[in-house]
Amino acid sequence: MTSGWGKSRPIGILPALAPYQAAKASKIALICRSYQFYVKKAWFCEHLLLIKNAEEQIKLIQEYPNRLIAEVVTGKIDVRHLAPTTGSSETIELAEELEALAGEIEE
């Protein structure tokens, strides 16, 4: 005689256990699918928040030059101390660079 589920097992137990095991397996599969759904949903929501935050940061960075120019033009920021003095080597270098850029633009 063999032990366990060998030839000596009662025939009536297997059909009785099959619906229970099928229901249990179905419940486990449902729990796994639900868990996967929530994990995927959480991952997706987290990435959406990261994307939204990045888009907001990009918008602020793109807006910054316009705000800076507007503040300089309206006098909210004083930039007179940044201008090179007349006749200095910086002024001559800047003029040469601007002339080179103007030449490239015209071509």
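The numbers here are math on the coordinates, done by the rules we state, and not lab data. Keep in mind that this is a model prediction, so the values were computed, not measured. Don't worry about glycine lacking a Cβ; one is built from the backbone with ideal geometry, like all the others, and counts go over all protein chains shown.
For this structure, a couple of remarks:
- Full-extension gain in nm, residue 90 to residue 43, via 0.36 nm per residue minus C-alpha separation: 11.6 nm
- In terms of its C-alpha gyration tensor, region 50-107 has an oblate overall shape, because the principal axis ratio a/c (a ≥ b ≥ c, square roots of the eigenvalues) is not below 1.5 and a/b does not outweigh b/c.
- Two-site label geometry, residue 53 and residue 104: point separation in nm, points 7 Å out along Cα→Cβ: 3.7
- The distance between label points at residue 62 and residue 26 comes to 5.3 nm (points 7 Å beyond Cα on the Cα→Cβ vector).
- Across the options 25, 77, 64, the greatest Cα extent toward the positive end of the charge dipole of region 13-106 (unit charges at beta carbon of Lys, Arg, Asp, Glu) belongs to 25.
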